[in-house]
Structures are given as C-alpha cells and as structure tokens.
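For reference, the structure is listed below as structure tokens.
Any read-out appearing in this document is the output of simple, stated calculations on the displayed coordinates, not a laboratory observation. Being a predicted model, the structure only gives us computed values, none of them experimental. FYI the Cβ positions are ideal-geometry reconstructions off the backbone, even for glycines, and counts take in every protein chain you see.
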Amino acid sequence: MHNEIERKFLVVGEFKHLAYERYHIEQGYMATESGKTVRFRIRNDKAYLTIKGPSTNGGMTRYEFETEIPMDDAKELMKLCMPGRIIKDRWLVKSGKHTVEVDEFFGENQGLIMAEIELESEDEPYIKPDFLGEEVTGDRRYYNSHLMRKPFSTWEK
C-alpha cells in the first residue's frame, strides 16, 4: 500500500527497439467512481487486484493497493466486471535510473500509445526520452478506467 506518483505522456517516436521487456495486459473494472477504481489485471501468466484512490496534485499522485491473486479467481472476477476491457502491450524502457512504461493499446483504443514514469517524489528529476511528446498527467481522458468507458476510437479528432 502506497501512493503512486507518476507522470504520463503521449508517445510520438520509436521506442520498441529500446525496450528490454514486454508484457501483454488485459484488465477489467469492477467499479469506477469519483476517481476511485477497482481493477482486475491479467499480465502474461499472473493476475492482480488493484484499488486506486482519487488523484491529487494535478493527477500526479494517488493511493494504490495492489496484490497478486490466483489466475482462476481473476478469470471469474473478470466476468463480473463492467462491460469493456483494456487490452494493451506494455513495453519497458530504461531512462536514467527510471523505467518508462509504454502502453500500446489495442481493440477500441487502437492507435493510442502512452507512457508513464513512476517517481519517488513529485519533484524528483527524471530524464525525458525523445519518444515522449505532450504530457497528459491529470487528464482523466487518458485514465485506463475512462478509456474503458469512452474508448480512444470514439474521440473526436
């Protein structure tokens, strides 16, 4: 249990050749209300329950609880989730002492590529890789729970 501090960016350049690892992720949401979420995630061969509190400080910080759960339980709980799923590949790229997590979305969010850098404190310096574009930290449209309800493919361009 801890506060998650992260900055989010749109991805505008090539990054895959820099990645040292990749995961496939499918996630569903039991509840999303007032910035709070209950999420079930299957990442490759492991499953997790995550509970997040509302964001503070311009969307950079939020309480997060995450625990691994049995895969069979996760598959059953996914059936109880709200309609819609987030399906994405997560690419891990080193940048100085940080890891940039780049999410390439599929399904109804195809075409969206976002990155997150998790920090120890809100004012911690970090190296911004060239493939990162506009910062979208705090823009709720880019929260996965929002993308599940209003997918990227439905946005006005």
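Highest mean first, what order results for 97-107, 117-127 on Cβ atoms within 10 Å?
Going from most to least packed, we get 97-107, 117-127.
Relative contact order for the chain using alpha-carbon pairs under 8 Å, separation at least 6, rounded to a whole percent?
So the answer I get is 30 percent.
Compute a Gaussian network model of the chain, connecting alpha carbons closer than 10 Å, and tell me which residue from ASN57, ASN144, ASN109 fluctuates the most.
ASN57
Just need the Rg to Rh number for the chain, please, alpha carbons only, Kirkwood Rh.
0.94
For the stretch 2-93, just say rounded, prolate or oblate: build the C-alpha gyration tensor, square-root its eigenvalues into a ≥ b ≥ c, call rounded for a/c under 1.5, and beyond that prolate if a/b exceeds b/c, oblate if not.
Oblate, since a/c reaches 1.5 and b/c is not below a/b.
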